[in-house]
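Trainee: Handing you this structure, nothing more for now.
The values are calculated or read from the model by the stated rules, or taken from the named source; none is laboratory data. It should be emphasised that the depicted structure is a prediction, and the values quoted were computed from it without experimental measurement. Every residue, glycine as well, gets a Cβ built from its backbone with ideal geometry; the counts of neighbours run over all protein chains shown.
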Amino acid sequence: MQNYSYNGNKKGMTFALMESIDASYKDLGAVCDTIRYRKAQSALALLESIAGGRAVYYRTHNTGFGARHELGGRKGRYPMKAAKIVRRVLINAIANAKNSGYMPEELAVVHASANKKQILQRGPAKGVLYMGSGITGHTYGFAPARRSNLEYAKVEIGLASEESELGENAKRFIKIHEKEDSKLAAKVQQNPKHAKPKEKGQKKEAKAEEKKQAPKEQPKEQSKAIAGNDVKAKDNKVQPSNQEKAPDQAK
């Protein structure tokens with residue numbers, strides 16, 4: 001049996017694990033923080049919105065991050081790749097719970113963690129040039145054997161059912177997130193703008209359709225030329241030509 005890092009009572013719990021993930025464990029950990037103590041179905045919807053471009057708050061590993069207005073000025077990023085990976089693990093956990101006889105509507109994400117798994121030591125290709133690594137800072141030559149390690153990560157997700165014996169804090173956080181999800185659902189019903197953001201490809205398609213449906217406007221230069229031609233035509237009708245004036249003068 002697989003050993004999980006969950007130290008609580010595992011009665012009524014179902015787990016899922018993915019190892020050897022070629023992704024940042026920092027991004028995976030931030031995504032796991034957002035879905036912890038949420039209902040499984042609402043966590044799936046949240047992961048879909050993150051994969052579509054929703055910002056995620058980073059509690060740690062946020063040095064140099066920019067403030068996001070979607071997060072109220074807090075530091076965050078858009079870990080779309082990590083959200084897709086965590087979503088796959090959550091789907092597997094829900095499937096395991098179904099096989100155990102639990103209903104998906106009753107499940108809540110109690111355990112979600114991401115950690116560094118293994119590190120593969122690598123070096124750069126031969127012939128890589130470098131500059132300024134000598135004593136005087138003016139040397140230029142081929143690079144020594146520097147390390148460029150490849151880090152793998154793992155993700156664990158644990159779902160709790162009604163039979164699970166949870167602590168008071170876990171129950172309290174689950175109720176808080178349920179209230180937040182109900183408020184968000186009410187906002188979406190009243191105003192569809194609060195729904196999950198569209199993906200980049202969908203946004204481009206929507207803009208292209210809007211341009212096709214919008215009436216075509218003439219450019220300013222063309223409209224000015226047309227207006228100038230109309231004025232000239234009016235002047236030609238009002239003012240007689242020189243050929244018409246000549247016979248009158250002869251008379």
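Trainee: Can you pull out the residues in segment 42-71 that are within 19 Å of Val109 (Cβ to Cβ), over 15 Å from the mean Cα position of the chain (by Cα) and among the polar types (S, T, N, Q)?
Mentor: Hit for segment 42-71 is Ser42, nothing else.
Trainee: OK, next. Any idea which of (1) closer than 18 Å to Ala114 by Cα; (2) out of contact with any strand residue (DSSP E or B) (no Cβ under 6 Å at 6 or more places or on another chain); (3) aliphatic (A, V, I, L, M) is the one Val56 doesn't satisfy?
Mentor: Against the list (1) closer than 18 Å to Ala114 by Cα; (2) out of contact with any strand residue (DSSP E or B) (no Cβ under 6 Å at 6 or more places or on another chain); (3) aliphatic (A, V, I, L, M), Val56 comes up short only on (2).
Trainee: What number of residues within segment 75-93 are in a helix (DSSP H, G or I) and buried (at least 17 other Cβ atoms within 10 Å of the Cβ)?
Mentor: First, pick out the residues of segment 75-93 that are in a helix (DSSP H, G or I): 80-93.
Still in the list and also buried (at least 17 other Cβ atoms within 10 Å of the Cβ): 80, 82-83, 85-87, 89-90, 93.
The number of residues fulfilling the criteria is 9.
Trainee: List the number of the failed condition for Asp22; all other conditions in (1) within 17 Å of the chain's Cα centre (by Cα); (2) more than 22 Å from Glu165 (Cβ to Cβ) hold.
Mentor: Here Asp22 meets the rest and fails (1).
Trainee: Taking the criterion of being of a type in the set (Gly, Ala, Ser), at pLDDT below 85 and either under 30 Å from the mean Cα position of the chain (by Cα) or not in a loop (DSSP other than H, G, I, E, B) (or both), would at least one residue in segment 94-105 satisfy it? Spell out how you get there, then give the answer.
Mentor: At the first step, the residues of segment 94-105 found to be of a type in the set (Gly, Ala, Ser) are 95, 97, 100-101.
Okay, now just the ones that are also at pLDDT below 85, so none.
No, that holds for no residue.
Trainee: Here is a follow-up. Could you tell me whether any residue of segment 52-74 is in a helix (DSSP H, G or I), charged (D, E, K, R) and within 19 Å of Val155 (Cβ to Cβ)?
Mentor: Going residue by residue through segment 52-74, those that are in a helix (DSSP H, G or I) are 69-71.
Pick out the ones that are also charged (D, E, K, R) and you get 70.
Retained after the next criterion (residues that are within 19 Å of Val155 (Cβ to Cβ)): none.
Within segment 52-74, none of the residues are in a helix (DSSP H, G or I), charged (D, E, K, R) and within 19 Å of Val155 (Cβ to Cβ).
Trainee: So is Val109 within 28 Å of Glu163 (Cα to Cα) and surrounded by 17 or more Cβ atoms within 10 Å (Cβ to Cβ) or not? Let's see the steps before the verdict.
Mentor: Values: within 28 Å of Glu163 (Cα to Cα): yes; surrounded by 17 or more Cβ atoms within 10 Å (Cβ to Cβ): yes.
It is true that Val109 is within 28 Å of Glu163 (Cα to Cα) and surrounded by 17 or more Cβ atoms within 10 Å (Cβ to Cβ).
Trainee: Please go through segment 8-19 and pick out each residue that is at pLDDT 90 or above and surrounded by fewer than 17 Cβ atoms within 10 Å (Cβ to Cβ).
Mentor: Leu17, Glu19
Trainee: Since Gly158 meets every condition but one in (1) of a type outside the set (Phe, Trp, Tyr); (2) surrounded by 10 or more Cβ atoms within 10 Å (Cβ to Cβ); (3) at pLDDT below 90; (4) within 30 Å of the chain's Cα centre (by Cα), which condition does it not meet?
Mentor: Condition not satisfied by Gly158: (3).
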